[in-house]
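Reviewing the structure listed below.
The values are calculated or read from the model by the stated rules, or taken from the named source; none is laboratory data. Everything numeric in this text was worked out from a predicted model, so none of it was measured. Here the Cβ positions follow ideal geometry from the backbone for every residue, glycine too, while neighbour counts run over all protein chains shown. With ligands, DNA and RNA removed, areas are computed over all heavy atoms of the protein, side chains included. Shrake-Rupley method; radii C 1.70, N 1.55, O 1.52, S 1.80 Å.
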Amino acid sequence: SRRGRLAGNRGAAPGAHALHWAPGREARPWPPPGPEASERLCLQALRGGVAMSSECQKVGQDLSVDVEVASYDIVGEVRRQDFSLHGAMDALKARISLASSGQHVMWTLRMRFENQVWTLQKRFSEVAQLHEVLKRRLAEMPELPPKSTVRQFSQEYLEARRVGLQRYLQQVFKRRDVMNTAEAQIFVALAAHAPNFRRPGCVEPMQTVEVQEAKFGIVDFAYDASSGILVLGAADQSWSSRIDTRLTNVRLPWEEDAPNVPLAQMSLWKQSQTDLRFEMQAMCRYKSMISSCALFLRPEGSGLCLCGLSDGSVGFLPVGGAKGTRTAGQTLPLLKHTGGVAALAVDRAEQLLFSASKDKSVMVYELRKQQLLYEVRTPSPTTCMHYCKEQQRLFCGLQSGIVIVWDTSVSPMRHAACIPDPGTELSGCPVAVVDYEAASCTLFAATAAWVTLWAVRSSSESLWGRKSGQWEIQSRPTSISWAASSRELLVGFSTGSVVVFDVDSSAASYAIPAHTDAVTSMMWMDAPRRLLTAGADKALKFWDFPSMRRQPLDGQLGIAENAPAVRISTARCRVPTATTSNGDAPRDSPLGRSAGVGQGGGLQNGGYPAGIAASPLPRPSDPLAKCPAAPRAAQHAADPSGVAATAPSRISAPDSDDDLTGWDR
């Protein structure tokens, strides 16, 4: 041990990786894990250097089935020799594995779950079908033994197939995320042979509300639970439809005005005081694509709904303004990129908007005065962005595979670190999504092949990141959220599923079939244990996760513990078109309320009266307004490479490889 301050675990089994910890030190496995174990996640110090257990119930059930391929039998009719053309075709079909008729192999599987043992008869095609479903649902799946085109019944071939099939089934049905899927439970007939098994279990997430976008697929959303404000940004997801719309908007010589067919729209919704019901307030439409959304609210209740557009501008919609539809959406003045806007972030305390574009620029815009403060450059275009208000850090994921950390406590903001260092083997693949937890200073970054966790550390002179864990994935990630209460990482994928990674077990533990199309955005609320997911299938869904200790949000009255299942759709909403000269809807224009599953325009809500207007929720005082504003410098030295290299202004204890003091700060 280093300086005698790390004590060993005397009760550990021989060869086990005991966890050594001393106060003020980061927990590390000792002895060092082997090559296979090093690839698994080993994040031990998310809370001040102590490996803590989760505070809430983890999602899913702890299920594991032992599978053994006991034997195999060749079944099917053996036709007599027929030298006719019809007989030759039947013989050929019988030898092709794609045909259902003819001779085939039935595999006898012996299942063992707890004290129950049973056998099943399965064809290899049934295993292949299950593999395709799980491959789309889960983040990673082992390789299935290849299926031959021509059926073979030799003893050597069948024995090799039996060994490979048994290895695959043992790997699959030992995994927790696989056994928590309905398809795997039906495949092994778990409900019929395990009397103690229940489905659905009380530890599974339940969908409570679904908000439907009528016209376009949802690209991004922003939600404030305290005020009950919901912003949806939707855009046309079909490339053929987008081309047709652009051609339609071209003004022909005999037309007085060019058509104004929108490609995207941003809508503002208001939550009811009593339950999770939403009523549309206003909508604005754009001829450019929407890439991201953000919500800026002031303590007095006013604010702006923001959306990044593909033409380089940022559209806005006032909160509490005129109701109705605006056919020509407004944009912020003096804010214009030369490329499309890729991501938006808002600092409510300083009333700043961070806008990242594909033109390698990040602009900082002051929303109160509506003026551009400054602009910084990045080495490559930004793909995603996350702002941490507690530490005043801005994380920008780039196409080059690195995450740039900016220190926003000074003006202009300073470049603090690159995670990982440019040119390393981990960089190169574009960063898809990022998230950050300020309590443990942990950065979560996902690319097309990996989900990586970085421990962000700082000293008086610099800031850096050290890799603390990594998962391999096979699908493209589109969103990511960290659930601190249960120590689980939620990752949304382009396949429409949300995979839950358990940090304590270092593996994927559950998969939610959230959407029929790609998951585009997610938001996690840790206090009520609630997940919001948006997809390209025009749906925004609310999921309630299991919790042994559920807490309501401070000052929030609109979210109940047991909210009834509601399906809200904009298909029945009749939003009147503005008739004023400036394009705004009249203030007294009525809005059609959202309709549920039932008939008519009312909301069928299991006992709630239809068509109740939603009144504003009580607005608590903004906690960010009490925080003192950080000093802002007047000078800023630009780096010749395009990224400022000045160290952050925060002061912390020195850190080095010789002295680990200060790692938990």
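Residue by residue through segment 262-267, what is 3J(HN,Hα) from phi via Karplus (6.51 cos²θ - 1.76 cosθ + 1.60, θ = phi - 60°)? Round to whole Hz and write x for glycine and proline.
Computed from phi, the couplings for segment 262-267 are x, 9, 8, 8, 10, 10 Hz.
Could you provide, to the nearest whole Å², the per residue accessible area of segment 377-536 with probe 1.4 Å? Don't jump to the answer; show the numbers that get you there.
Numbers: 4370 Å² over 160 residues.
Accessible area per residue, segment 377-536: 27 Å².
Can you give the charge dipole size of segment 404-466 about its Cα centre, rounded to the nearest 20 debye, using +1 on the beta carbon of Lys and Arg and -1 on the beta carbon of Asp and Glu? All intermediate terms of the calculation are to be shown ahead of the outcome.
On the way: 3 positive and 6 negative charges, 9 e Å.
That gives segment 404-466 a dipole magnitude of about 40 debye.
Based solely on C-alpha atoms, express the radius of gyration and the Dmax of segment 246-372 in angstrom.
Rg, Dmax (Cα atoms, Å): 16.0, 55.
What does the accessible area of V75 come to, in Å² to the nearest 10, when a probe of 1.4 Å is used?
Rounded to the nearest 10, that gives 50 Å².
Consider a paramagnetic label point 7 Å from the Cα of A328 along Cα→Cβ; state which residues of segment 241-265 have an amide N under 19 Å from it.
Those under the cut-off are 246, 248-252, 255-265.
For segment 250-385, with only Lys/Arg (+1) and Asp/Glu (-1) charged at the beta-carbon, what is the dipole magnitude about the Cα centre, in debye rounded to 20? Show your work: numbers first, answer last.
Working: 15 positive and 12 negative charges, 20 e Å.
My answer is approximately 100 debye.
Which lysines, on any chain, are close to K215 with Cα under 22 Å apart, when same-chain ones fewer than 8 places away are left out?
Straight-line reach from K215, under 22 Å: K270, K287, K323, K538, K541.
Report, ordered by chain and residue number, the lysines lying within cross-link reach of K369, taken as a straight Cα distance under 17 Å and ignoring same-chain residues fewer than 8 apart.
Those lysines meeting the cut-off are K336.
Indicate the gyration tensor shape class of segment 342-395 (rounded, prolate or oblate), computed on the Cα atoms with a ≥ b ≥ c the square roots of the eigenvalues: a/c under 1.5 is rounded; otherwise a/b larger than b/c is prolate and the rest oblate.
Verdict is oblate for segment 342-395.
Let me check I have the definition right: for segment 486-547, take the eigenvalues of the Cα gyration tensor, multiply each by 5, take square roots. What are those semi-axes in whole Å, largest first? The partial results should precede the final answer.
Details: eigenvalues 77, 40, 12 Å².
Whole-Å semi-axes of the equivalent ellipsoid: 20, 14, 8.
Protein chains only, probe 1.4 Å: how do T327, T442 rank by accessible area, largest first? Let's see the in-between values first.
Working: T327 65, T442 5 Å².
Of T327, T442, the descending order of accessible area is T327, T442.
What does the accessible area per residue of segment 111-259 come to in Å², with a 1.4 Å probe and no ligands, DNA or RNA counted?
Values: 7600 Å² over 149 residues.
Dividing the accessible area of segment 111-259 by its residue count gives 51 Å².
About its Cα centre, how strong a charge dipole does segment 115-166 have in debye, to the nearest 20, once Lys and Arg get +1 and Asp and Glu get -1 at the Cβ? Walk me through the numbers before you get to the answer.
Values: 9 positive and 6 negative charges, 40 e Å.
Dipole of segment 115-166, to the nearest 20 debye: 200 debye.
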